[in-house]
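Notes follow once the structure below has been shown.
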Amino acid sequence: MSPGAAATHPIRHRSGHLARPRREGRRVLGVDAALHRVADELDALLVEAELGFIGKSSKMLDEVPEGVGKITPEEAEHFVSNTGVDLFAPAVGNVHGIVRGGREPKLDIELIKSIAEAVKIPLVLHGASGNTDEEIRAAIEAGISIIHINTELRLAYRQGLVKSLSENPDELAPYKYLKPALQEMQKVAEKKLRLFNHL
Ligand SMILES: [Zn+2]
């Protein structure tokens, strides 16, 4: 089975029925055992799991989505030891997308430290768009190994495209009017890579 197929294939319990993750508030119940089997069976793959609700989409938001919260180190330890996942993305004040008007929640650095000590596997920070460089640096220091940034890249691309189209209204060649959009996105990517690697 290809990795892509494995990731999208329905999870089956031993009895054969489908495991349906049920969302109750910010807890997902009933998936631990199924996830454990997936992690066991797909030995050659790394299984990454996100725990806690941190919003759904990489876009500009007016408010922090309802239900966004943080998990506790105990919940983290319980989940990781019961699932055997390889990489863990906890809800620690992060949110998918960027909240406008300086209302992006702050990362809970102390909580990241506690979770890192509790789970002892690499931590992934999802939804890191909109967080400041200082927060990102502190999060890495506290135990984050991988960082996901999407919205800031999308924003740079779009802004580059809008500027390019408005400055060159007669340009019809996509490879020409798309180039500045790509370059703007590349600038953000380079800046983040420098930040992540203390350069
Ligand atoms: Zn995520």
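Derivation of every value follows stated rules applied to the coordinates shown; laboratory data play no part. Note that this is a predicted model, so its numbers are computed, not measured. Methodologically, a virtual Cβ is constructed for each residue, glycine included, from the backbone with ideal geometry; neighbour enumeration extends over all protein chains shown.
Would you mind ranking HIS36, HIS96 so that the residue whose beta carbon has the fewest other beta carbons within 10 Å leads the list? Numbers along the way, then the final one.
Details: HIS36 16, HIS96 23.
Going from sparsest to densest Cβ surroundings: HIS36, HIS96.
Please tell me which of these pairs span more than 31 angstrom C-alpha to C-alpha: LYS113/LYS192; LYS70/LYS192; LYS113/LYS191; LYS56/LYS176? Each step should come with its number before you reach the end.
Details: LYS113/LYS192 22 Å; LYS70/LYS192 25 Å; LYS113/LYS191 25 Å; LYS56/LYS176 33 Å.
With Cα atoms farther than 31 Å apart: LYS56/LYS176.
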Task: Residues of type lysines that LYS179 reaches as a straight line, Cα spacing below 18 Å, ignoring anything fewer than 8 places off in the same chain - done: LYS163, LYS187
Open item on the list: What would the Debye equation give as log₁₀ I(q)/I(0) for region 150-199 at q = 0.26 Å⁻¹, counting only Cα atoms as equal point scatterers?
Closed with: -0.87
Task: Overall Cα dimensions of region 79-157 - principal axes, largest extent first, Å - done: 38, 22, 16
Task: Between region 144-177 and region 105-132, the Cα center-to-center distance that results, in Å - done: 29
